[in-house]
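First up is the structure itself, then whatever we jot down about it.
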Amino acid sequence: MATADRDFSQGLPAIRTSTTREPPSTSPSPSPSPSSSSNSSTLSHQRASDKADPRLSPSVPALHELSDKDVIHRIQAPGSVQAVVVDDDVLFAGVQGGHIVAWSLDTYELLATIPAHRESVLALALSDDRSLLFSTGVDSVVNVWSTQTLQRLYSLHSPFEIGDIFSVVHSTKNQTLLWGAQNSSVQWYNISTDSNTVKSPTATFSPGARKHRFFDSLGPGGSVNVISDEDGTASLLLNSHGGRVLTIPNRNYLPYAHKSYVYAMLLIKGLFTHDREEEVLVTGGGDGTIKIWSLDSLASTGPVQIAKFKSPGSSVFSLSYRGSFLYAGLSDGVANVYNLASNQLVQRLQFECGDISQILVSTDGILCGTTRGMIKRFNDHFSQTECWKAAEGKVLAMALTTDRQHDLLITGGNDNILSFWDAQGASHTALANPARSNDELVNTLREFVSFRSVAANPECVRDCHDAVAFLRKQCNAFGATTTLLSPDQGVNPILLAKFPASHPSQSVKSVLFYGHYDVVDAEYDPTSQNPSWTADPFDLQPLNGFLYGRGVTDNKGPILAAVYAVADLIQQRALSCNVTFLVEGDEEAGSRGFRKTVESAHSAIGPVDYILLSNSYWLDDHIPCLTFGMRGVIHASITINSNKPDLHSGMDGKSVQHEPLKDLTLLLANLIGPSGTKVTIPNFYNTVDELSEVEMRAYAAITSSLLPGHPEIRNEKSFALSLMQRWRYPNLTVHRIEVPEAKTAVTISGSATATISIRIVPSQTAEQIASSLKDHLYDQFSRLQSSNTLNVNIRSKADPWLGDVNSDLYTALKSAIIDAWNPDGSAASQRSFPESRSSTPSAGAAPMASGGSMSQQVISTGNVKSTTQHALPHTDLAGSSTSSSTSTKGTQYDQQQPHRPTQRRASTLESHGNFTMNNLPREPLFIREGGSIPAISFLEHEFDAPAAMFPMGQASDNAHLDNERMRVENLYKGREVLKRVFAVL
């Protein structure tokens, strides 16, 4: 059976090309020690599920020697990662199982997955213009792909038994592809000329289908063991990807280029001073030799060897170069540095961390990846500057990004993980330029999340104060004037940070951004067999395009996105408005003292022209939204006390006796009516608007926008009605009924308490409903003629809120969302990859918003006496189309995603959907929400300024729940949207 990793061995073992190939090893052990006395040096052939155990070898550095290196992001791949290449803002990876997978380097989201080879993909390369992607594999095939569409253009097959193909390069000057194979050969192919002189092979010519004269021979009394192609993979790969299937000419074959496998290959241009455009080929093999070949006569006689370096007893696994220096990663922890101008070995680096499976050279030094999962960095003086653990198994692939805000190092291995690291050395991590990258935003969020700022937990007081001090420091660094406002005793401080406009004037507007740095508590028990969190909730975990951690979406992530948006504009001198941040630390505990503190600091905070919040969520996981309405809330407790102690129901119970729990039950039953769904408070519904036809069409429009991507919406009218029930109608909920703990089952408790809440709509006021509730309860209680006493306590109340979607703030937000979520310039957005579908709902990339048109609908403010109407924009879909895709079987990758509860705070829609670029609306949905944020209506009234709610997170963010998360793309896009808004207001 073909397995994930490569077996690097000296010598030339027999080559097997059947589909049950197991790369040979000179040692019977599947994982021999690098210090073996054998002449062969083997990069152990492990299955992807096996993990290299550092404890098995003394070569692993001691803990005190390891650098403190934070991973920027991790992606769980569908198999062992064998090869990676970077094309602009897209990462291509070749993995076990034969797939090529593409991810966005901006957001780390999956873009496409295609079956490329029958077994593992072993090597990837790009053409110089990055229009072509070349792949090789265990199946002895070389494929050529378009990087824009991932459609196969050519499939190249050798007429010889070459075995696995470990390395591949493309010569632009010669327009020729070259590769090195398991049978020690080098082959090449000029697509522009050779393709006109060869015939395409038939399906039976596929290397996996050919019979080997040794491995497929019968022997005395033998029988044929036919391995059936049950899934049709051979035919699929040969015929279904398009492009031409070509045979390599016999003349394009150099046997015995090495005396072992050809593991590494690269092209160097300008090595010789007489011709800066001349290319030479460098190859490294399992025989410990590095050979340099001239390609001048490639078309006639093939590569001509012009130089050779020997490392007896070693194997050359990887090559890299810079200037005139060649860097080689060898077995036994050796890295050699050669001066190609003088053909000299100038440095030999040796360390005990396993074989050097990968080597790269950056502007900041030499990076070596090892079979023990370590990365070591050396400077230009060959001194070690960093060492860190990059993989749980072996490092099998490495790449450096280019054309980004700063360089990233990407590593992959047989632990099925792609990791992203800052490629700069430790001495260069501090940015002299105040420009703040998205990577720095995530790093800042990582530290912000680390504070356990739980306002309701007395043990977290220090973390709460440290969190606000940290945020204040960030704002100060970006040029804000900051003050800490002190609410009541024992309540966390409120941060007031003011950023002035870049060009102050009397006409400059002022925006107040409200948020909160406190969070709901979370516990993590790593010893539990089924922990609620998959990792420490206060240690940010970047995985598969998401950031996991308590507070990452509620509300620390949106706060930092807004702060960084302002910082960007300050640096560019483009901040068009004054921006004031008002960030409290007690929102999750009821905003104690917030109202009084803001009232007393009114003049210090104001003036305010607009109020902006980002503390809600999309209706699903795909369509950006703007929230323009929220219900208000009244929290109350109803207590009935008896003037008697607890009684015995047998000894003291009488039919005419008023028991507290009986009285409470009667009051609650009367409060919600016979059906339990109708609030009986007098005149409760009098001010609630009737549903108009215009408003009904607006709700139907929202449903129709969601329908193409959500087949779970089986009835459009029922779904629209459910939105109305949550958004525009009031509701009363009985949360719990409590009695003192009964000593026995026959106790008549002397008191009973019910906790209730009433959600009210914009046509109602919290003060009026709270007063009516008390009056109604006391009136009904008096009719019972009970000897007990009633106490109604209004614990808190908040008015509903309805924004004006026609305001300048909403107009700016809508325009910014359209521009941010429908980009034209990114490389990833200009590609047309095959649609990638997976059974993993959360790891795939959300489709890019595209298509659709906008019309206006009207939703009433809910005020009977007012004639004001608020427009509710919605999307009319022109239709939907479904692009074909190749389905993939579920793997361990599908099963290892962090478990998320099914409950969601913002929506009941599934997190996955079937949206395509053609049926996903371009414009945001204007929605309301059934929840309540007390501060929003208060701030509107206090500063006489309109408010707007900009949801940054998705419906599946799990705010307040286990494994809270935020998608990286949403965080970045949120920053971009706010930057656009603050630049135009």
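The values are calculated or read from the model by the stated rules, or taken from the named source; none is laboratory data. Everything numeric here is computed off the predicted structure, so don't read it as measured data. Heads up, the Cβs are rebuilt from the backbone with ideal geometry, glycines too, and the neighbour counts pull from every protein chain shown.
Things worth noting here:
- Filtered residue count, segment 376-424, keeping only those that are farther than 25 Å from Ser135 by Cα and among the polar types (S, T, N, Q): 6
- Test: Val491 is crowded, with 17+ Cβ neighbours inside 10 Å and in contact with a strand residue (DSSP E or B) (Cβ under 8 Å, 6 or more places away or on another chain): no
- Pair list, Cβ < 6 Å and 6+ apart or interchain, from segment 457-477 residues that are within 25 Å of Glu523 (Cβ to Cβ) and outside the structural domain of Ala522 (by TED's automatic domain parsing) to residues that are loosely packed, with under 14 Cβ neighbours inside 10 Å and of a type in the set (Val, Ile, Thr): none
- The lone criterion from (1) touching a Pro at 6+ places or on another chain (Cβ under 9 Å); (2) exposed (fewer than 15 other Cβ atoms within 10 Å of the Cβ); (3) farther than 21 Å from Leu177 by Cα left unmet by Ser331 is number (2).
- Any hit, segment 737-750, residues being outside the structural domain of Phe938 (by TED's automatic domain parsing), buried (at least 17 other Cβ atoms within 10 Å of the Cβ), among the aliphatic types (A, V, I, L, M) and within 30 Å of Pro924 (Cβ to Cβ): no
- Selected residue (criterion: surrounded by the fewest Cβ atoms within 10 Å (Cβ to Cβ)) from residues of segment 362-392 that are touching a residue at least 60 places away in the same chain (Cβ under 8 Å) and over 16 Å from Val71 (Cα atoms): Ser362
- Breaking point among (1) more than 30 Å from Thr916 (Cα to Cα); (2) at pLDDT 95 or above, for Ser786: (2)
- Every condition in (1) more than 38 Å from the chain's Cα centre (by Cα); (2) at positive phi is met by Arg348 except one, and the failing one is (2).
- Candidate set from segment 305-333 (those that are hydrophobic (A, V, I, L, M, F, W, C) and at pLDDT below 95); member that is farthest from Phe382 (Cα to Cα): Ile306
- Segment 80-95: number of residues that are at pLDDT 95 or above and not in a strand (DSSP E or B): 1
- Test result for Thr370, at pLDDT 95 or above and hydroxyl-bearing (Ser, Thr, Tyr): yes
- All positions within segment 478-494 that are over 17 Å from Gly606 (Cβ atoms) and either not assigned by TED's automatic domain parsing to the domain that holds Gly606 or not in a strand (DSSP E or B) (or both): Phe478, Gly479, Ser486, Pro487, Asp488, Gln489, Gly490, Val491, Asn492, Pro493
Residues checked against (1) modelled with pLDDT of 90 or more; (2) of a type in the set (Val, Ile, Thr); (3) in a loop (DSSP other than H, G, I, E, B); (4) loosely packed, with under 14 Cβ neighbours inside 10 Å:
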position	(1), (2), (3), (4)
Ser655	no, no, yes, yes
Leu661	yes, no, no, no
Leu666	yes, no, no, no
Asn670	yes, no, no, no
Thr680	yes, yes, yes, no
Asp689	no, no, yes, no
Tyr699	yes, no, no, no
Pro711	no, no, yes, yes
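- When each of Ala497, Ala456, Ala522, Ala467 is tested for being closer than 22 Å to Asn615 by Cβ and in a helix (DSSP H, G or I), the lone residue that passes is Ala467.
- When Val141 is tested against the conditions (1) modelled with pLDDT under 95; (2) in contact with a strand residue (DSSP E or B) (Cβ under 8 Å, 6 or more places away or on another chain), the lone failure is (1).
- Which listed residue is in contact with a Ser or Thr (Cβ under 6 Å, 6 or more places away or on another chain) and of a type in the set (Phe, Trp, Tyr), from Phe950, Phe938, Phe943: Phe950
- Residue within segment 572-585 that is part of a helix (DSSP H, G or I), out of contact with any Phe, Trp or Tyr (no Cβ under 7 Å at 6 or more places or on another chain) and in the same structural domain as Met949 (by TED's automatic domain parsing) present: no
- Applying the set (1) more than 15 Å from Arg631 (Cα to Cα); (2) without any contact (Cβ under 8 Å) to a residue 24 or more places away in the chain to Val746 leaves exactly one unmet item: (2).
- If you check Ala720, Ala754 for being in contact with a strand residue (DSSP E or B) (Cβ under 9 Å, 6 or more places away or on another chain) and surrounded by 14 or more Cβ atoms within 10 Å (Cβ to Cβ), only one passes: Ala754.
- Within segment 667-687, residues that are farther than 18 Å from Lys774 by Cβ reach partners that are assigned to a helix (DSSP H, G or I) with beta carbons closer than 7 Å, at six or more positions or on different chains, in the pairs Lys678/Ile672.
- Note on segment 936-979: residues that are assigned to a helix (DSSP H, G or I) and over 22 Å from Ala567 (Cβ atoms) amount to 8.
- For segment 542-571, a residue qualifies if it is of a type outside the set (A, V, I, L, M, F, W, C) and assigned to a helix (DSSP H, G or I), and the qualifying residues are Lys556, Gly557, Pro558, Tyr564, Asp568, Gln571.
- Qualifying residue in segment 523-536 (condition: polar (S, T, N, Q) and crowded, with 16+ Cβ neighbours inside 10 Å): yes
- Just one of the listed residues (Ser320, Ser294) is surrounded by 15 or more Cβ atoms within 10 Å (Cβ to Cβ), within 37 Å of the chain's Cα centre (by Cα) and small (Gly, Ala, Ser), and it is Ser320.
- Given (1) crowded, with 21+ Cβ neighbours inside 10 Å; (2) farther than 21 Å from Asn788 by Cβ, number of the condition Ile638 does not satisfy: (2)
- Residue check for Leu612: touching a strand residue (DSSP E or B) at 6+ places or on another chain (Cβ under 7 Å), assigned to a strand (DSSP E or B) and under 24 Å from Leu802 (Cα atoms): yes
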